1. Which numbered condition trips up residue 321, out of (1) in contact (Cβ under 8 Å) with a residue 12 or more places away in the chain; (2) touching a helix residue (DSSP H, G or I) at 6+ places or on another chain (Cβ under 8 Å)?
2. Is it the case that residue 79 is surrounded by fewer than 14 Cβ atoms within 10 Å (Cβ to Cβ), out of contact with any helix residue (DSSP H, G or I) (no Cβ under 7 Å at 6 or more places or on another chain) and at pLDDT 90 or above?
3. Out of 54, 47, 84, which single residue is more than 29 Å from the chain's Cα centre (by Cα), surrounded by 10 or more Cβ atoms within 10 Å (Cβ to Cβ) and modelled with pLDDT of 80 or more?
4. Of all the residues that make up segment 151-180, how many are in a loop (DSSP other than H, G, I, E, B) and over 23 Å from residue 257 (Cβ atoms)?
5. Given (1) in contact with a strand residue (DSSP E or B) (Cβ under 6 Å, 6 or more places away or on another chain); (2) surrounded by fewer than 19 Cβ atoms within 10 Å (Cβ to Cβ); (3) in a helix (DSSP H, G or I), where does residue 317 come up short, assuming only one miss?
6. Going through 261, 315, 253 one at a time, which residue ends up being within 28 Å of residue 166 (Cα to Cα) and either at pLDDT below 90 or assigned by TED's automatic domain parsing to the domain that holds residue 153 (or both)?
7. Within segment 210-266, how many residues turn out to be in contact (Cβ under 8 Å) with a residue 12 or more places away in the chain and either under 15 Å from the mean Cα position of the chain (by Cα) or assigned to a helix (DSSP H, G or I) (or both)?
């Protein structure tokens with residue numbers, strides 16, 4: 001606004017001089033002056049925008065540098081390091097585990113949890129939001145270590161394992177799978193960088209992803225945007241399942257893998273999951289009980305505590321919280 005006022009003032013004063021014949025200013029010289037003033041003014045305006053962008057970029061670069069330099073507090077123990085066999089059976093045990101997130105140290109997200117999962121078993125974790133279900137996955141993957149108690153993988157305490165050795169035993173399919181800028185093939189192969197193209201295709205077929213991949217512009221070589229931009233939720237989940245198949249880990253973690261999908265996408269995912277779960281120890285987090293009622297066992301969580309474990313039918317009859325959740329979801333029409 002001030003720039004425009006300056007232009008108007010200069011043009012008005014110069015115009016008066018031209019009309020009055022003062023200072024020997026011609027109309028052409030006045031026009032040239034106004035034109036160059038506009039060019040210089042716009043240049044300074046653009047320069048200020050560029051300086052603002054550079055300042056924001058410098059701040060972002062500093063934050064990225066801090067992130068790259070950050071070191072995890074979870075590491076291999078300096079003494080007493082143990083290793084797991086190349087292929088484990090998938091036995092898990094949590095013994096008296098308690099944990100509070102650093103941001104909320106006054107409240108245990110998991111409180112005195114004792115639970116054993118046998119090799120090849122499918123265990124569902126259910127309960128209200130905030131019950132501690134996802135925290136169990138965080139602890140199993142050693143994103144955090146428990147404040148009390150211990151977690152054992154194949155009978156070995158997790159804290160005595162190198163985190164990389166431990167995490168190779170797990171494959172995770174989350175509610176919002178992480179996809180990266182790159183080809184479809186590379187995104188699937190992220191689960192096993194040494195996999196052949198034939199293995200990538202085989203995993204995609206089992207995950208019911210092969211058909212929609214072939215319909216894309218360049219098939220498996222189609223480049224995806226950041227976070228799978230342009231793909232539906234069901235398509236992203238099927239790519240995540242294909243990736244998990246390539247990982248071929250003995251323990252599978254499914255964190256709300258179908259909760260945000262439409263009926264058709266959920267149906268395709270449910271068709272793919274049995275192949276993924278076959279021969280693996282599987283832990284499933286679910287709000288929708290219909291997706292887990294056939295699990296071998298169901299663990300009911302509430303306020304960080306394990307309140308009941310059993311089959312769907314056993315819990316309907318014996319646990320009021322589970323029975324209430326089932327009544328709400330099935331409208332009391334549970335078989």
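1. Of the numbered conditions (1) in contact (Cβ under 8 Å) with a residue 12 or more places away in the chain; (2) touching a helix residue (DSSP H, G or I) at 6+ places or on another chain (Cβ under 8 Å), the odd one out for residue 321 is (2).
2. Taking the combined requirement at face value, the residue does not satisfy it.
3. On the way: 47 fails: modelled with pLDDT of 80 or more; 84 fails: more than 29 Å from the chain's Cα centre (by Cα).
Within the list 54, 47, 84, the selection yields 54.
4. Here the count works out to 3.
5. Only one criterion in (1) in contact with a strand residue (DSSP E or B) (Cβ under 6 Å, 6 or more places away or on another chain); (2) surrounded by fewer than 19 Cβ atoms within 10 Å (Cβ to Cβ); (3) in a helix (DSSP H, G or I) is unmet by residue 317, namely (1).
6. Details: 261 fails: within 28 Å of residue 166 (Cα to Cα); 315 fails: within 28 Å of residue 166 (Cα to Cα).
Matching residue, one of 261, 315, 253: 253.
7. Residues that pass the stated criteria total 34.
The values are calculated or read from the model by the stated rules, or taken from the named source; none is laboratory data. Fair warning: this is a prediction, and the values are worked out from it, not measured in the lab. So basically every Cβ, Gly included, is an ideal-geometry build from the backbone, and we count neighbours across all protein chains shown.
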